[in-house]
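Note sheet for the following structure.
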Amino acid sequence: MESAYEIFSDELGRELRARGLTIACAESCTGGLLTSTLTDIPGSSSYVMGSVVSYSNDVKSRILHVSEETLLLHGAVSEETAREMAEGVRQLMQTDIGVGITGIAGPDGGSAEKPVGLIYIAAADRTHTIVAKNNFSGTRLENKRAAVEKALSMIHDLIRSSL
């Protein structure tokens, strides 16, 4: 049986293809799950241009151009970092849409300030970027899947509202 996000990624893929839009992803805590979900759809090579799994701050800054200042002041798990990841991968891959996901999937790594399940997701097009702060409460895999489902929804909203 297909999951909700697999069904949603198929619908999103049809919409991206119909509008002639391209997308690229920058993923940290989801480790490429969003990109994998998008590419599960036949014909996705017409709209998925690439992906960067940026687990380390070095990759975030060197490849995606997340500023050192952002990482120092706000940390890897922040609204600012997610925003810069989405905008950076969109520019890097020369796509219509860029998505950035960063957070703490768990079960370890959280703190009182940034608990397990805190995941920021950003979606950027040429004119603006939307960012969502999420506090998921599942297992590591459940948190990753919830982040992918939320990202798919945000991409859909971005397409509908501004492109």
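Things worth noting here:
- Some residue of region 130-141 being closer than 19 Å to THR22 by Cβ and either under 10 Å from the mean Cα position of the chain (by Cα) or of a type in the set (D, E, K, R) (or both): no
- In region 36-50, the residues that are over 13 Å from ILE155 (Cβ atoms) reach residues that are at pLDDT 95 or above and exposed (fewer than 15 other Cβ atoms within 10 Å of the Cβ) with C-beta atoms within less than 8 angstrom, at least six apart or across chains, in these pairs: THR39/SER45; MET49/GLN94.
- Checking each residue in region 112-132 for being of a type in the set (Val, Ile, Thr) and either on the phi > 0 side of the Ramachandran plot or outside any loop (DSSP other than H, G, I, E, B) (or both) picks out ILE119, ILE121, THR129, ILE130, VAL131.
- Residue list for region 94-142, restricted to those being of a type outside the set (Gly, Ala, Ser), buried (at least 20 other Cβ atoms within 10 Å of the Cβ) and closer than 19 Å to SER51 by Cβ: THR95, ASP96, ILE97, VAL99, ILE101, THR102, ILE119, TYR120, ILE121, ASP125
- Test: residue in region 66-88 that is part of a helix (DSSP H, G or I) and either touching a residue at least 60 places away in the same chain (Cβ under 8 Å) or touching a Pro at 6+ places or on another chain (Cβ under 6 Å) (or both): yes
- Qualifying residue in region 70-86 (condition: over 13 Å from the mean Cα position of the chain (by Cα) and β-branched (Val, Ile, Thr)): yes
- Condition met for SER153 (among the hydroxyl-bearing types (Ser, Thr, Tyr), without any contact (Cβ under 8 Å) to a residue 40 or more places away in the chain and farther than 12 Å from ILE23 by Cα): no
- The residues of region 143-163 that are loosely packed, with under 15 Cβ neighbours inside 10 Å and acidic (Asp, Glu) amount to a single one, ASP157.
- Candidate set from region 17-56 (those that are of a type in the set (A, V, I, L, M, F, W, C) and at pLDDT below 95); member that is surrounded by the most Cβ atoms within 10 Å (Cβ to Cβ): ILE41
- Scope region 136-163; condition closer than 20 Å to GLY32 by Cα and either aromatic (Phe, Trp, Tyr) or touching a strand residue (DSSP E or B) at 6+ places or on another chain (Cβ under 6 Å) (or both); matching residues: PHE136, ALA147, LYS150, ALA151, MET154, ILE155
The values are calculated or read from the model by the stated rules, or taken from the named source; none is laboratory data. Given the structure is predicted, the values throughout are model-derived calculations rather than measurements. Positions of Cβ are backbone-derived with ideal geometry, glycine not excepted, and every protein chain shown enters the neighbour counts.
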